[in-house]
Amino acid sequence: SLSESVKLNRLSDYDSGIVEVNLDRPEAKNAIGKEMLSGLRHAFEAVDRDSSARVVMISSSVPKVFCAGADLKERKKMTAAEVHSFVNYLRSTFSLIEELQIPTIAVIEGAALGGGLEMALSCDLRICGENALLGLPETGLAIIPGAGGTQRLPRLVGKSIAKDIIFTGRRMGGRDAMSMGLVNYCVPAGEAHPKALEIAREINQKGPIAIRMAKRAINEGIDREMVSALDLEEECYEQTLNTKDRLEGLAAFAEKRKPIYTGE
Ligand code: CO8
């Protein structure tokens with residue numbers, strides 16, 4: 001294990017390719033302090049280096065909480081300079097999550113607040129239980145979301161809804177989050193993990209290079225204007241053409257069987 005509060009798990013052989021970064025700091029509701037941040041960083045660096053990883057789930061072992069955000073007790077003891085370097089490390093760690101080549105899925109049961117929601121916003125997909133409690137309470141603490149919230153939330157749900165969420169700091173339930181497009185799925189309480197695993201397995205069956213190129217085309221294209229964005233799509237598409245997996249896909253179709261992709 002990488003740290004006391006962050007574990008990196010590989011699923012069974014059946015699910016090889018699916019990895020899980022699991023938060024487990026029950027006494028602080030998974031609040032992110034220095035130790036947990038360093039654990040997160042090392043876990044995602046390990047995922048980044050692992051060429052056999054095809055999809056990553058971020059989950060919590062703590063009942064009724066995904067992550068309560070920044071560790072407010074630790075922060076109270078930090079100097080301004082320490083807060084500054086902590087937040088910079090948090091920001092670059094969330095960017096690392098966002099820029100992973102493989103898909104990331106946040107599994108949200110219970111509270112995802114402040115930095116905890118910002119971490120989930122850095123993922124590709126969010127799956128929550130009906131008991132989820134999502135919000136950016138920073139303005140109530142007289143700060144603003146500082147780990148991507150003011151930028152990633154409006155890109156996801158639009159400016160108007162993001163302003164409502166950030167100005168009021170309101171905590172939303174899973175169904176409300178779903179209706180805003182903030183999460184991909186809202187399932188009965190306790191079922192977010194099995195739902196996420198189902199989605200992870202679907203992704204894991206697909207061509208790994210295709211999945212990486214689709215993520216790159218979407219993430220890098222969204223901030224470009226259309227002509228340049230379509231050039232990017234072409235460039236990413238080309239990367240999928242000269243692959244063994246593409247030929248395997250055609251062969252499997254002709255033979256009416258499931259393809260077996262190797263990522264080559
Ligand atoms: N930091 C430290 N300790 C925490 C935190 C936290 N964020 N959240 C909960 N804890 C602790 C509690 O203090 C409590 O400790 P103790 O037992 O010693 O009193 C213990 O965890 C259990 O908490 P509760 O009794 O409150 O548990 P509940 O199950 O009733 O509620 C909640 C769980 C809903 C998660 C609730 O604890 C809560 O609302 N927590 C605070 C959420 C919050 O406001 N988070 C901070 C948002 S701001 C932020 O994340 C800034 C990040 C951006 C960085 C950039 C800034 C410049």
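The values are calculated or read from the model by the stated rules, or taken from the named source; none is laboratory data. All figures in this text were calculated on a predicted structure; none of them were measured in a lab. For neighbour counting, all protein chains shown are included, and Cβ atoms are generated from backbone atoms with ideal geometry for every residue, glycine included.
Count of region 132-167 residues, restricted to those that are of a type outside the set (A, V, I, L, M), in a helix (DSSP H, G or I) and touching a residue at least 12 places away in the same chain (Cβ under 8 Å), is 9. Meeting the requirement of 1 or more residues that are of a type in the set (D, E, K, R) and within 16 Å of the ligand (Cβ to nearest atom), no strands (runs of 3 or more DSSP E) wholly within region 11-94 can be named.
Tell me, please, whether a residue that is more than 17 Å from the chain's Cα centre (by Cα) and part of a helix (DSSP H, G or I) can be found in region 184-206. Yes: region 184-206 contains one or more residues that are more than 17 Å from the chain's Cα centre (by Cα) and part of a helix (DSSP H, G or I). For Gly110, the stated conditions do not hold, so it cannot be described as touching a Leu at 6+ places or on another chain (Cβ under 9 Å), assigned by TED's automatic domain parsing to the domain that holds Val65, without any contact (Cβ under 8 Å) to a residue 40 or more places away in the chain and within 16 Å of the ligand (Cβ to nearest atom).
The combined condition, being free of Cβ contacts under 8 Å to residues at least 60 places away in the same chain, in the same structural domain as Val183 (by TED's automatic domain parsing), within 18 Å of Lys215 (Cβ to Cβ) and surrounded by 14 or more Cβ atoms within 10 Å (Cβ to Cβ), is fulfilled by Leu96.
What about Glu248, is it under 28 Å from the mean Cα position of the chain (by Cα) and in a helix (DSSP H, G or I)? Spelling it out, it is not the case that Glu248 is under 28 Å from the mean Cα position of the chain (by Cα) and in a helix (DSSP H, G or I). Does Tyr185 fit the bill of being under 19 Å from Ala120 (Cβ atoms), of a type in the set (Ser, Thr, Tyr) and in contact (Cβ under 8 Å) with a residue 12 or more places away in the chain? The answer is yes for Tyr185. Restricting attention to region 113-158, the residues that are in contact with a Lys or Arg (Cβ under 6 Å, 6 or more places away or on another chain) and more than 14 Å from the ligand (Cβ to nearest atom) total 1. Could you please find all residues in region 1-54 being in contact with a strand residue (DSSP E or B) (Cβ under 7 Å, 6 or more places away or on another chain), of a type in the set (Gly, Ala, Ser) and free of Cβ contacts under 8 Å to residues at least 12 places away in the same chain? Of everything in region 1-54, just one residue is in contact with a strand residue (DSSP E or B) (Cβ under 7 Å, 6 or more places away or on another chain), of a type in the set (Gly, Ala, Ser) and free of Cβ contacts under 8 Å to residues at least 12 places away in the same chain, namely Ser1.
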